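In what follows, a structure is listed as structure tokens, so that the remarks can point back to it.
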């Protein structure tokens, strides 16, 4: 997975996530919205209005936490959830 920071301040992060689509981005956005200190999280994939950009750009606005720390916490949560799902599927088989 290739990441490119577009803009970062103490309370906002815009980062391009190469090669991902709506499936992954919706899961990550959902985890971010459940992360303490995240005020808003959204992403955009809109090539017509952004000069041909096709990789999603994730925007995180935080309230009192470093947005990179929030992204790390959300990514860890996604990993934990997918691991739990995998374990449940294996147990059901």
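For region 5-32, the tally of residues that are more than 12 Å from residue 43 (Cα to Cα) and in a loop (DSSP other than H, G, I, E, B) stands at 4. Within region 46-76, restricting attention to residues that are in contact with a helix residue (DSSP H, G or I) (Cβ under 6 Å, 6 or more places away or on another chain) and at pLDDT 95 or above, the residue that is surrounded by the most Cβ atoms within 10 Å (Cβ to Cβ) is 60.
The values are calculated or read from the model by the stated rules, or taken from the named source; none is laboratory data. Please read all numbers here as calculations on a predicted model, not as lab measurements. All Cβ positions, glycine included, derive from the backbone under ideal geometry; neighbour counts span all protein chains shown.
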